[in-house]
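Below you'll find the structure, written out as structure tokens, and then a few comments.
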Amino acid sequence: RPDRTEPAVEVLLTEDAFLSSASGSAVLTVIEPGHGRSTGDVVRFRSVEPFDGFASSVIESASGYSITKTSSDRYTFTASSGTATTGSVRGGGSSSSAGPVTVSA
């Protein structure tokens, strides 16, 4: 209905939806086709497997990350700690998700 706003929901990401930047960089790209997000949105990631020098606990920060939209299918954020070991590596596993910091039941 046009007279109400639907609550933000958690979205299952495709397998290995995260892409590290260059070696030594803390910037990660998220590949989420048709995400509908905007620069400045805060996104929380869940169930992410560690990869390329980034720990699950860092990517899954409870406070989420402010993102920068780079296209309708991708956005970036800067991890709070850790940097890419190799660079240009896809990872995150097959059951990661993206959504608001708090998810309504």
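The values are calculated or read from the model by the stated rules, or taken from the named source; none is laboratory data. Values in this document were obtained by computation on a predicted structure and should not be read as measured data. We place every Cβ from the backbone using ideal geometry, glycine too, and count neighbours over all the protein chains shown. These accessible areas exclude ligands, DNA and RNA; they are computed on the full protein's heavy atoms, side chains included. Shrake-Rupley method; radii C 1.70, N 1.55, O 1.52, S 1.80 Å.
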**Message:** Taking the condition of being hydroxyl-bearing (S, T, Y) and in contact with a helix residue (DSSP H, G or I) (Cβ under 9 Å, 6 or more places away or on another chain), how many residues in region 55-101 meet it?
**Reply:** 4
**Asked** Can you name the condition, by its number, that D41 falls short on among (1) buried (at least 16 other Cβ atoms within 10 Å of the Cβ); (2) closer than 23 Å to S94 by Cβ; (3) not small (G, A, S)?
**Response** (2)
**Request:** Search region 44-87 for residues being of a type in the set (A, V, I, L, M, F, W, C) and not in a loop (DSSP other than H, G, I, E, B), and hand back the single one that is surrounded by the fewest Cβ atoms within 10 Å (Cβ to Cβ).
**Result:** V58
**Message:** I'd like to check something: does region 2-12 contain any residue that is at negative phi, part of a loop (DSSP other than H, G, I, E, B) and open to solvent by less than 50 Å² (accessible area, probe 1.4 Å)?
**Reply:** no
**Asked** Quick check: is even one residue across region 20-27 in contact with a helix residue (DSSP H, G or I) (Cβ under 8 Å, 6 or more places away or on another chain) and either in contact (Cβ under 8 Å) with a residue 24 or more places away in the chain or surrounded by 12 or more Cβ atoms within 10 Å (Cβ to Cβ) (or both)?
**Response** no
**Complete:** Pairs returned, first residue in region 53-67 that is without any contact (Cβ under 8 Å) to a residue 40 or more places away in the chain, second residue that is part of a strand (DSSP E or B) and exposed (fewer than 13 other Cβ atoms within 10 Å of the Cβ), beta-carbon separation under 6 angstrom, 6 or more apart or interchain, are none
